[in-house]
1. Output the 0 to 90 degree angle, nearest 10, between the alpha-carbon long axis of helix 302-311 and the longest principal axis computed from the alpha carbons of the chain.
2. What residues qualify as long-range amide H neighbours of Asn160, i.e. H under 5 Å apart, gap of 5 or more or another chain, H built at 1.01 Å from N?
3. Enumerate the calculated ³J(HN,Hα) couplings along segment 40-55 in order (Karplus 6.51 cos²θ - 1.76 cosθ + 1.60, θ = phi - 60°), each rounded to whole Hz, writing x wherever the residue is Gly or Pro.
4. Using only Cα atoms, tell me the angle between helix 244-254 and the longest principal axis of the chain; keep it within 0 to 90° and round to the nearest 10.
5. Give me the one-decimal nm value for the distance between modelled label points at Thr258 and Phe34, 7 Å along each residue's Cα-to-Cβ direction.
6. Loop only per DSSP, at most 13 neighbouring Cβ atoms within 10 Å: give me the trypsin sites (Lys or Arg not before Pro) in segment 75-171, ordered by residue number.
7. Please give me, ordered by residue number, the chymotrypsin sites (Phe, Trp or Tyr not before Pro) of segment 15-119 that lie in loop per DSSP and have at most 14 other Cβ atoms within 10 Å.
8. Return the distance in nm (one decimal) between the two label points of a simple spin-label model at Ile322 and Asp128, each offset 7 Å from Cα along Cα→Cβ.
Amino acid sequence: MKSFSIQKLLRQNIKSLVAYSSARSEFNGNASIFLDANENSMGSLVGGQYNRYPDPQQAQLKTQLAKLKGVNQEQIFLGNGSDEAIDLLFRAFCNPSQDSVLCFPPTYGMYAIAAKINEVEVLEVPLDANFQIKIEAALNAIKLTTKMIFICSPNNPTGNLISMESIDFLLIHFDGIVLVDEAYVDFSESASWVEKLDQYPNLVVLQTLSKGWGLAGLRIGLAISSPEIIAILNKIKYPYNINTAAQELAIQAIAKVTQKNDWIQELNKERDLLIKNLEKISIVTKVFPTDANFVLVRFLEANKIYDYLKTIGIVTRNRSGIALCEDCLRITIGTKDENSQLIKALKNF
C-alpha cells in the first residue's frame, strides 16, 4: 500500500495545539472532597452526582465497548453522535479552502454538509446502477489535495453493502484516510471493518449506539481506529462531550447484549417479511436489497404515495429528489403491527 503518514496529513495548527486541560482530566483517583472544578457543592436538583462534571475520557464506557469490539480503549473515540467524529476529522486533517474529500452519492448527507461547514471541497463520484463504487472513476477523481474518502456501508439511503474489494483497493491505493461508516452494521451478516484495523493504518471505522442498540436519543457515536488517530480526536474534542447520564445509560444497555441481538434477529425477520409483502404490491416497481434496518423502495408516483401516507399518520423518508433514487421512499423496518399497517395502507392507495 502507499505510504501513510498521519503527521503529513495533519493540519499545522493541530500539530502545535496544546489541548485544553479540564479539572477532571487533571485528577485521576479517589477523593472525598472535590473543590477543583467550580461545581455546585450543594448537589443536584435531580439527585445523583449530576452536579459533577462527567468523565471526559468516558473510561468505564470505553472499557465495556473495547471488550465488545475486540479493540483497546485507546482505539475508541466517543462522540456526540457519529457526526461529531466526522466534524473533528475535518478539523484535524483538512485545511479550509485548500483540501478536498471524496464521497460516493447517494450516501449519508452529513459528509458533504460537514465538508461545506469546514470550507472543504467535496469531490463526488456517483455510485453505479447497483450502488457500487466505480473504482476507476474514483481514482481519477482523487487530487493531491484529497485528504479523506467517505464510504457508508451498509449505505444510506440505499441499504446495500459496498463491496469489500472496492474498499480494500482504496485503502491500499489512497495515502489519506478512508472512513467506513458502519452505522447499520448490526443488521448485516457481514464482518465489521474493525477486524482490519491492524492491516490498515489509514482506516477509520464509524459505528453508533443509535441503531442496533436503540439509543438514538443518547447521541453516542464511535470512531474506532489506530491509537494515533484517536489521540488526535481526543485532543481537539470538547472536554465534556458525552454527558454523565448518557454514559451511565449506555453502560446499562451494553450489559444487555443478548436482548439487543434478539431485537436485531426479530427486526431482520420483519425486514424479510416486509420485503416479500412490498414486492406483491402493484404500485411498487422495485425493492432494493438491504443489509440495514430500512429498505429503499421505488414506487409509481412516490411523491403522491409519500403525501398519502402522511395524511394517515405514517411517515417515511422521501428520497425521490436524490440521483439514482428517483421515485424512491426509504422505509424503516417497524414492529410487526406497524409493518402490517403500512402494507394495508399501500394496498388501499
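We did not get these values from a lab; they are worked out from the coordinates using the rules stated. Worth saying up front: this structure is predicted, and the values here are computed from it rather than measured. Neighbour counts run over all protein chains shown; Cβ positions are idealised from the backbone, glycine included.
1. That works out to roughly 70 degrees.
2. Asn155, Asp291
3. Each residue of segment 40-55 in turn: 7, 5, 6, x, 10, 5, 10, x, x, 9, 6, 7, 9, 5, x, 5 Hz.
4. Relative to the chain, helix 244-254 is tipped by roughly 60 degrees.
5. 3.4 nm
6. Lys143
7. Loop-located and lightly packed - Tyr20, Phe27, Phe34.
8. 2.1 nm
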